[in-house]
1. Would you point out which residue out of D12, D37 is modelled with pLDDT of 95 or more and in contact with a helix residue (DSSP H, G or I) (Cβ under 9 Å, 6 or more places away or on another chain)?
2. State all residues of region 31-82 that are among the aliphatic types (A, V, I, L, M), without any contact (Cβ under 8 Å) to a residue 40 or more places away in the chain and within 24 Å of G5 (Cα to Cα); if no residue qualifies, say none.
3. I need the full set of residues from region 52-103 which are buried (at least 17 other Cβ atoms within 10 Å of the Cβ), closer than 24 Å to E31 by Cα and of a type in the set (K, R), in order please.
4. Restricting region 5-19 to residues that are among the acidic types (D, E) and free of Cβ contacts under 8 Å to residues at least 24 places away in the same chain, which is farthest from V57 (Cα to Cα)?
5. I'm checking my understanding of the structure. Among residues of region 85-127 that are in a loop (DSSP other than H, G, I, E, B) and of a type in the set (A, V, I, L, M, F, W, C), which one is modelled with the highest pLDDT?
6. Which residues, taken from region 2-45, are of a type in the set (D, E, K, R) and crowded, with 20+ Cβ neighbours inside 10 Å?
Amino acid sequence: MENRGRRILVADDNEDTAKGLAALLEMQGHEVRVVHDGHAALEAFKEFTPDVAFLDVGMPFFDGCEVAAKVREEARSPVLLVAVTGWGHASAKQRAFDSGFDRLFVKPADPQELLALANGPLPERTH
């Protein structure tokens, strides 16, 4: 695993899911911020400037796709956007990628795959 100590945002309205992923990422040496809705996720992007963001698609206020699209519009630096969703049908996946997500995982996501992604190469530029 390469590149330790990243800033990672976890946004999921399921508090247990968010806390679990955050704990795994923190054990890898990452600085993690956890939020539970789309509005808080947008605020976190401005204040925290994450390197990686794991966003639940089905959050209140702004869903993950709305957050991703807004982040791509306003991105000041590269960020790896990862959708984590319970919706695995083709149209939901297409909407996620059209919104600016780099990767998509259908819940329940394999924690080892999420860790590998968080520790792997980051995008070199914004979309």
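The values are calculated or read from the model by the stated rules, or taken from the named source; none is laboratory data. Keep in mind the model is a prediction, meaning the values are calculated, not measured. Don't worry about glycine lacking a Cβ; one is built from the backbone with ideal geometry, like all the others, and counts go over all protein chains shown.
1. Values: D37 fails: in contact with a helix residue (DSSP H, G or I) (Cβ under 9 Å, 6 or more places away or on another chain).
Criteria check complete, one pass: D12.
2. The answer is V32, V34, V35, A40, A41, L42, A44, A68, V71, L81, V82.
3. If the condition is that a residue be buried (at least 17 other Cβ atoms within 10 Å of the Cβ), closer than 24 Å to E31 by Cα and of a type in the set (K, R), then K70 is the only one that fits.
4. D16
5. Initially, region 85-127 is screened for residues in a loop (DSSP other than H, G, I, E, B), giving 86-89, 100-102, 107-110, 120-127.
Keeping just the survivors that are of a type in the set (A, V, I, L, M, F, W, C) gives 87, 101, 109, 122.
Values: W87: 76, F101: 95, A109: 90, L122: 80.
Once the filter is applied, the top-ranked residue is F101.
6. From region 2-45, those of a type in the set (D, E, K, R) are 2, 4, 6-7, 12-13, 15-16, 19, 26, 31, 33, 37, 43; that's our starting set.
Matches in region 2-45: D12 only.
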